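This report concerns only the one structure given below.
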Amino acid sequence: MNQSNDPLHGITLDMMLKTLVDELGWKEMGRRITIKCFTDNPSVSSSLKFLRKTPWARKKVEWMYLGHLEDKRYEAEISPEHPAS
């Protein structure tokens, strides 16, 4: 079986955005990446529209998503409720 080494393989921009909104919120996302679609009357649909046609902004969202996943992994490893194996 041929598996991709890409950590974003199979994850859509929509999935990334909804996860970030649910877990960080628009305010924090706008603080981390200052783009109008996160700071001025944000919505998933307007953000998707902007990010799909703006490669540099999409790349920043991908980095933020990957960093967020890494933070969650780290928290799970050090949390007393989730002992590391």
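Observations, loosely collected:
- Set against the labelled values [x] 27, 16, 7; [y] 20, 16, 10; [z] 25, 18, 10, semi-axes √(5λ) of the Cα gyration tensor in Å computed from this structure falls on [z].
- Under 21 Å of direct C-alpha separation, and excluding same-chain neighbours fewer than eight residues apart, LYS53 reaches these lysines: LYS18, LYS36.
- Dipole magnitude (debye, nearest 20) for region 13-78, charges at Cβ of Lys, Arg, Asp, Glu: 480 debye
Since every read-out is calculated from the coordinates, none of them should be taken as a lab result. Not measured: the values here are computed from a predicted model. Cβ coordinates were reconstructed from backbone atoms using ideal geometry, including for glycine residues, and neighbour counts include every protein chain displayed.
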